[in-house]
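First comes the structure, then the notes that go with it.
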Amino acid sequence: MDRFAGAEGIPIREIHDLEEFDRAALGGSLAGCRLQALDLTERTFALLVVDSSQAVFLGCRMEPQALAHVRAGGALVFPPVPDLPFDPYRGTPYTPDELYAGLESDGYASTPDARTHAWYRRTSAGGDVLASMLRSVHDDALSDALDELLRGARVVGVMGGHAMERGSLEYAGAARLGRELARSGLTVATGGGPGAMEAANFGAYAAPYDDVMLGKALDVLARVPSFGASVGMWAATAMAVRDRWPDGGPSYGLPTWFYGHEPPNAFAAHIAKFFANATREDGLLSRCNAGVVYLPGAAGTVQEVFDAATANYYGSHGEPAPMVLVNRAHWTTTLPVWPLLTALAGKRPMADRIALVDSVREVPAALARLAWG
């Protein structure tokens, strides 16, 4: 659906890179454009001659002359914010290399991920309204970027606890699941953290490779089973796997700085890391149009089960999406979620979209069966 700006009905166009900017400027108009986080200091001449009416510049760097001109021409300018460890206006998700920049030379505390979490803790405690606004702008920009990237994709979510250790049979099983889902043409998305989430993202990363690569990479990862002792060593081991096998498959991770103890895993090609956990949870589950798989987890995973169940119960996102819970003993005895879920489903349409299976090997068939209804 087309979007329009202002009373004149000027079409809205988002511009995220300099090539897009150059094409628009060559056409003589930026009218109605939304330009995000661009360095336009070398595009002064173009900015001085192009129509900028009803354009919006979000965190773009410009020379003073160009800045004054576009404002006079009717543009709205949100200037870059100095001394932030993140860009609130960014138009794309993060990459692992971005979030872990400086890890090898200066340690985890120096990385943008760690510095952004430190900024979040400091500013959220103080109640600064500017900081709150910047967090909201950042999260909304990432949500918009995800919508653009995932448009038309069949997304399957894999949820599970962060305590699952590398080197365990459970981790290997979750990795094989992620690989099989990716190979079937689905786009794998997780909460983006350690444990089961990392395993599924790693599996999608390993999809282009054979079983030999999978086994060797799992052995490398098992040298640092958990992030608990050292986030730096845990992340560096994943980076070493990526360096050794650089042509991995894509997947998505949606972690959060709200849970500072859960660092992002390095196997998701696209990382949408949010400040607000509620935005992250809803953003992840609402985009899983091909269903959600729930591996054993604790409070966070239970919350995700019922977040999705609520949307399916009320039809908030249209037809109910499949929900597959893995490990019968965990979901009926350890944490008896399944009885409540089935009681909630009752005779509603979502009753035909839920399943409980014993192992990850049964998941692909269960997803297919639930999708067919």
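The values are calculated or read from the model by the stated rules, or taken from the named source; none is laboratory data. For clarity, every value in this text was computed on a predicted model and none was experimentally measured. FYI the Cβ positions are ideal-geometry reconstructions off the backbone, even for glycines, and counts take in every protein chain you see. The protein model used for the area step is the full one, side chains on, heavy atoms only, and it has no ligands, DNA or RNA in it. Shrake-Rupley method; radii C 1.70, N 1.55, O 1.52, S 1.80 Å.
In table form, for the structure just shown:
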| item | result |
| --- | --- |
| The one condition in (1) part of a helix (DSSP H, G or I); (2) in contact (Cβ under 8 Å) with a residue 12 or more places away in the chain; (3) of a type in the set (D, E, K, R) that R122 fails to fulfil | (2) |
| Residue within the range 307-314 that is under 15 Å from the mean Cα position of the chain (by Cα) and open to solvent by less than 10 Å² (accessible area, probe 1.4 Å) present | no |
| Residue that is nearest to L177 (Cα to Cα) [pool: residues in the range 315-331 that are open to solvent by 50 Å² or more (accessible area, probe 1.4 Å) and at pLDDT 95 or above] | N327 |
| Subset of the range 216-257 that is more than 27 Å from G185 (Cβ to Cβ) and either polar (S, T, N, Q) or modelled with pLDDT under 95 (or both) - its residue that is farthest from the chain's Cα centre (by Cα) | A229 |
| Filter result for V302 (open to solvent by less than 10 Å² (accessible area, probe 1.4 Å), of a type in the set (A, V, I, L, M, F, W, C), closer than 24 Å to S359 by Cα and at pLDDT 95 or above) | no |
| Of all residues in the range 175-191 being part of a helix (DSSP H, G or I) and small (G, A, S), the one that is surrounded by the most Cβ atoms within 10 Å (Cβ to Cβ) | G178 |
| Selected residue [within 21 Å of Y252 (Cβ to Cβ), in contact with a Phe, Trp or Tyr (Cβ under 7 Å, 6 or more places away or on another chain) and in contact (Cβ under 8 Å) with a residue 60 or more places away in the chain] from L150, L146, L142, L181 | L142 |
| Evaluation of L340 against (1) at negative phi; (2) open to solvent by less than 50 Å² (accessible area, probe 1.4 Å) (one fails), failing number | (2) |
| Breaking point among (1) in a loop (DSSP other than H, G, I, E, B); (2) within 22 Å of V357 (Cβ to Cβ); (3) hydrophobic (A, V, I, L, M, F, W, C), for A172 | (1) |
| Scan of the range 251-267 for residues that are part of a loop (DSSP other than H, G, I, E, B) and open to solvent by 10 Å² or more (accessible area, probe 1.4 Å), ordered by number | F258, Y259, G260, H261, E262 |
| Residue check, R287 out of contact with any Gly (no Cβ under 7 Å at 6 or more places or on another chain), of a type in the set (K, R) and crowded, with 17+ Cβ neighbours inside 10 Å | yes |
| Test: residue in the range 230-241 that is closer than 16 Å to P96 by Cα, out of contact with any Asp or Glu (no Cβ under 7 Å at 6 or more places or on another chain) and among the aromatic types (F, W, Y) | yes |
| Residues of the range 138-161 satisfying the condition of being over 16 Å from the mean Cα position of the chain (by Cα) and either open to solvent by 50 Å² or more (accessible area, probe 1.4 Å) or of a type in the set (A, V, I, L, M) (or both) | G152 |
